[in-house]
1. Of these, G193, G199, G231, G187, which one is in contact with a helix residue (DSSP H, G or I) (Cβ under 6 Å, 6 or more places away or on another chain) and touching a residue at least 60 places away in the same chain (Cβ under 8 Å)?
2. Could you grab me the full set of residues in segment 339-383 that are of a type outside the set (V, I, T), farther than 22 Å from S400 by Cβ and surrounded by 18 or more Cβ atoms within 10 Å (Cβ to Cβ)?
3. With the requirement that a residue be among the hydroxyl-bearing types (S, T, Y) and crowded, with 20+ Cβ neighbours inside 10 Å, what does segment 50-83 give you?
4. Somewhere in segment 101-117, is a residue part of a loop (DSSP other than H, G, I, E, B) and either at pLDDT below 95 or of a type in the set (A, V, I, L, M) (or both)?
5. Just to be sure before I move on: is V39 within 20 Å of T147 (Cβ to Cβ), β-branched (V, I, T) and touching a Pro at 6+ places or on another chain (Cβ under 7 Å) in the structure I sent?
6. Restricting attention to segment 142-163, which residues are surrounded by fewer than 17 Cβ atoms within 10 Å (Cβ to Cβ) and in contact (Cβ under 8 Å) with a residue 60 or more places away in the chain?
7. Look at segment 386-395 and say how many of its residues are surrounded by fewer than 21 Cβ atoms within 10 Å (Cβ to Cβ) and either within 27 Å of L329 (Cβ to Cβ) or aliphatic (A, V, I, L, M) (or both).
8. Checking I95 against (1) surrounded by fewer than 19 Cβ atoms within 10 Å (Cβ to Cβ); (2) among the aliphatic types (A, V, I, L, M); (3) more than 28 Å from W412 (Cβ to Cβ); (4) out of contact with any Leu (no Cβ under 9 Å at 6 or more places or on another chain), only one condition comes out false. Which one?
Amino acid sequence: MALDGMLVGELANQELGPGLFVLPGQGNSLSIETDAGVVVIDASGYLHAPAMIEALRARTADPVHAIVYSHGHNGYNSSVDVWQHHSSERGDPPIRLVAQERLPARYARYRETSELQRRMAVMQFPSKGINLDILARAFALHDPTETFGDTMTLVDGDRRVELISAPSEVDDALAVWLPDDGLLCGGAATPGGSIPNIGTPLRTQRFTIRWADTLDRLDALGAERLLTEFGPIVEGAGPVHQQLSTMSEALRWLRAEVVDRMNRGMDEIECLTDMTYPAELFDHPYMRPIYGAPDYIVRDLYREENGWWDRNPTTLHPAPRADAASAVLAAITDRGAVVSNARRLADAGDTQLALHVIDLLALAPGDDPDIVAARQLKAELCRTRAREVDSYVSKACLHSSARLLDQGDTGWTAIE
C-alpha cells in the first residue's frame, strides 16, 4: 500500500519505446498507446493525477481507452474519477476500468475496515503529515467496470495488451504483458529494489509459495524487458530471467528452511534467531531489505502453519493489558533499577534488550512519574532502534510508536 502523492516510480517521465511512457504516478505507471486508445496502468492518487494527465497530453491526444488496476491496495486508483472527468470534458468514450476478479472483494473489506486501514497508514507513513481525515479522500475506492479471472486480452491490434493474474503481494494483483514489445510489467509481483513484501507487520498474510509460483509463471513468458513496480527497468532476457528466478528460488528456500525448523519444534522467535540468509540468494539489488525483509517472510511462513499462540502459557488467556501491567508494576520494588538497567543496555548498544526491560514499567497505566519517565525512555529507544533496522516499515512503526509515547499513549485509539 502507498499513499496519495507518495512513492513515484523511479522511471517517472521516461520513454521506454515508441508509445510507451512512464507517467509520474504511484509507482511506474505506464501509458501504452494502442490503436484502441491509451491504456494506463494505475490512475494513482489525487496528487499524482494532474501531472500524469499533463504528461500524457504532452505526448498524445488519443483518448484513454482503459485504466488497468495493477492491484487493489488503497491509493493506487483513488483518482479514477479525475481521469473520468478529464475524458468526459474531451468528449471521449467512457474509460474501461479493468481489474482482476478478486479486487471487488478486497474493496468490500476495505470499506468495512476503512478506519482501521487509515490508522495503519498513519502508523506506516509517519513523516508525511497525514491524518485520518486526509486519508479518507486519498483512499477513495472506485469499482472496476470489468474483471477477469486468469488472463484477458485487453487490446488485440497493432500492439497486443494482455493481462495475467499474478497473485503475490495481494491475491488480486495482475501483470501486463506486451508480447509485441517483449515487455512485461510485473506490477506488485516485482517491486524492484526490495525483497518481496511478505509478512510486513501491518498487513494480512501474503503466502510465499503463491508469490514464487507467480514469478515462475512470469519467467516462462521469456520477456526481454521487465518493468518493476517502483525500481528500474531490467533489460535483456537473461537478466529478466535471473531476477525472476532468483526471487522465486529465495522464497522457496525460505519456505523449506522455516518448515525444517518448525518440524524440529522451534517456535516463531526460535526460527527467527536461528535463520541465516545466503548471499547467493539475498545479496542482490532487487532483494534488499528496504521495504520487505527476510525475517518478515519467516514470520509469515510461520503464521501459515501455526495459530496465534506464541507458546507462552501466560498469553493463552491474557488478563487485560492494563491490569497485567499494573500487577507487574506492583511487583517491582526498585523502579529506578529497571530504568537504569534499560539505559545500561542501551548504552552498550543492546537497544532491543533495553526495550524488553523498559516494558516492565512503560506499559503500565497512569501518570506516575516513574511510568512517565519509562515511556519517555521507550520513545527514545524506539527512535534509536529505528536507526538500527533496515526495513522502511519497521522504521516507520518504531517512529510512530515513539510519537504516541511522546503523547503519553501506548495504544492506537489515540491516532487522529
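1. After applying the criteria, what remains is G199.
2. L345, L360
3. Those that are among the hydroxyl-bearing types (S, T, Y) and crowded, with 20+ Cβ neighbours inside 10 Å: Y69, S70, Y76, S78, S79.
4. Checked against the condition, which is being part of a loop (DSSP other than H, G, I, E, B) and either at pLDDT below 95 or of a type in the set (A, V, I, L, M) (or both), segment 101-117 yields no hits at all.
5. The answer is no for V39.
6. G157, D158
7. 2
8. (1)
The values are calculated or read from the model by the stated rules, or taken from the named source; none is laboratory data. Because the structure is predicted, anything quoted here is derived from the model rather than measured. Note: ideal-geometry Cβ built from the backbone for every residue, glycine included; neighbour counts use all protein chains shown.
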